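The values are calculated or read from the model by the stated rules, or taken from the named source; none is laboratory data. Quantities reported herein were computed from a predicted structural model and do not represent experimental measurements. FYI the Cβ positions are ideal-geometry reconstructions off the backbone, even for glycines, and counts take in every protein chain you see. Areas reflect the complete protein model, heavy atoms only, side chains present, ligands, DNA and RNA absent. Shrake-Rupley method; radii C 1.70, N 1.55, O 1.52, S 1.80 Å.
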Amino acid sequence: MKIIVPMAGRGSRLRPHTLTVPKPLIPIAGRPIVQRLVEDIAKVCGEKIEEVAFIIGDFGDEVEKSLLQIAERLGAKGSIYHQQEALGTAHAIKCAEDSMQGNVVVAFADTLFRADFTLDTQSDGVIWVKSVEDPSAFGVVKLDGQGFITDFIEKPETFVSDLAIIGIYYFNSAEKLMDEINYIISNDIKNGGEYQLTLALENLKAKGAKFSAGQVNDWMDCGNKNATVETNCKILEYEKEEMSTFASTSFVENSLIIPPCFIGENVRISNSKIGPGVSVGNNTVIINSNIENSLIQENTKINHGNLSNSMIGNSAQYFGVAREISLGDYSVLDFLNKA
């Protein structure tokens with residue numbers, strides 16, 4: 001089994017946090033989004049993962065090294081491919097064509113999920129879906145009475161189904177999928193100016209492939225600040241029984257920590273109330289503060305912060321008042337020493 005992870009998008013809706021860190025590498029409850037995604041898929045596959053292939057933009061050598069380490073932790077080969085231009089979901093998969101052999105899971109790295117199932121490797125494919133309130137922003141599917149997919153519709157303007165494709169797919173023949181993707185690209189068949197995976201799926205279905213719809217218990221988006229903070233809170237709640245709140249090197253003095261929380265290595269917290277729903281990255285210092293339902297990254301300093309539903313990046317500094325904020329890496333916001 002191989003896992004193919006397209007993740008070359010800019011993550012513009014999550015700026016300023018994605019100006020310095022690719023969105024899939026932003027930590028959620030102590031682990032990067034893409035690491036959690038790959039590990040969750042490995043748990044439900046029921047097969048040994050032979051290779052994890054990442055399709056990225058120009059993210060730099062350090063990011064590539066981090067991604068290869070994620071694959072190595074699963075005992076799998078890691079591969080890196082580059083998508084130089086954003087030309088759609090089918091084009092992203094085309095970039096990893098050398099790894100598209102045998103049975104594969106394709107998982108776009110901007111979402112996390114919770115599910116309780118065993119992968120049916122005997123079917124032509126599985127497309128994971130979730131019922132949503134506004135399907136017009138997603139690719140959706142229609143089902144027949146046996147639960148097989150009859151139609152793929154990309155961002156329907158009128159209601160046809162509320163079953164949104166969450167961006168995780170299983171194919172028992174990557175070669176057949178690549179035949180359709182290559183046909184679409186070589187004939188320059190686009191939808192909305194891009195080469196869409198849903199068209200390749202529709203073509204496979206027309207040739208007799210049967211795709212079932214896999215259901216997930218929870219689909220957690222990381223598209224913008226509010227969604228990412230909410231996802232962090234959900235993951236903390238899901239993992240509260242197995243997660244150790246404190247790293248062994250953290251130091252907490254005269255403070256109240258309300259679970260579920262994640263406190264990283266070498267964190268110093270004093271005279272503060274933290275939680276619930278808070279993740280604090282390594283080497284961060286928090287004093288005289290009250291923080292709940294927030295995501296704080298590494299090497300950051302907070303003093304007199306009264307924060308909720310907030311996201312603060314790496315090496316940032318926040319001194320001051322009560323508010324909901326989104327503060328990027330290396331930024332300073334100081335309300336204690338106003339001129």
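General remarks:
- Tally of residues being open to solvent by 30 Å² or more (accessible area, probe 1.4 Å) and in a loop (DSSP other than H, G, I, E, B) across segment 79-101: 6
- Residue count for segment 197-211, restricted to those that are surrounded by 19 or more Cβ atoms within 10 Å (Cβ to Cβ) and either among the small types (Gly, Ala, Ser) or touching a Ser or Thr at 6+ places or on another chain (Cβ under 7 Å) (or both): 3.
- Flag for Val38 being within 18 Å of the chain's Cα centre (by Cα) and either surrounded by fewer than 20 Cβ atoms within 10 Å (Cβ to Cβ) or not in a strand (DSSP E or B) (or both): yes
- Count of residues meeting criterion [open to solvent by less than 20 Å² (accessible area, probe 1.4 Å) and touching a helix residue (DSSP H, G or I) at 6+ places or on another chain (Cβ under 7 Å)] in segment 219-252: 4
- Checking each residue in segment 310-326 for being open to solvent by 10 Å² or more (accessible area, probe 1.4 Å) and under 19 Å from the mean Cα position of the chain (by Cα) picks out Asn314, Ser326.
- Taken over segment 148-160, the criterion of being modelled with pLDDT of 80 or more and surrounded by fewer than 18 Cβ atoms within 10 Å (Cβ to Cβ) is satisfied by Phe148, Thr150, Asp151, Lys155, Pro156, Glu157, Thr158, Phe159, Val160.
- Per-region count, segment 261-308, residues hydroxyl-bearing (Ser, Thr, Tyr), under 17 Å from Gly328 (Cβ atoms) and assigned to a loop (DSSP other than H, G, I, E, B): 2
- With respect to the conditions (1) at pLDDT below 90; (2) within 21 Å of the chain's Cα centre (by Cα), Leu336 lacks only one, and its number is (2).
- Exactly one residue out of Glu180, Glu175, Glu157 is acidic (Asp, Glu) and either part of a loop (DSSP other than H, G, I, E, B) or farther than 26 Å from Asp98 by Cβ (or both): that is Glu157.
- Filter pass, Asp329 being open to solvent by 10 Å² or more (accessible area, probe 1.4 Å), among the charged types (D, E, K, R) and more than 19 Å from Pro24 (Cα to Cα): no
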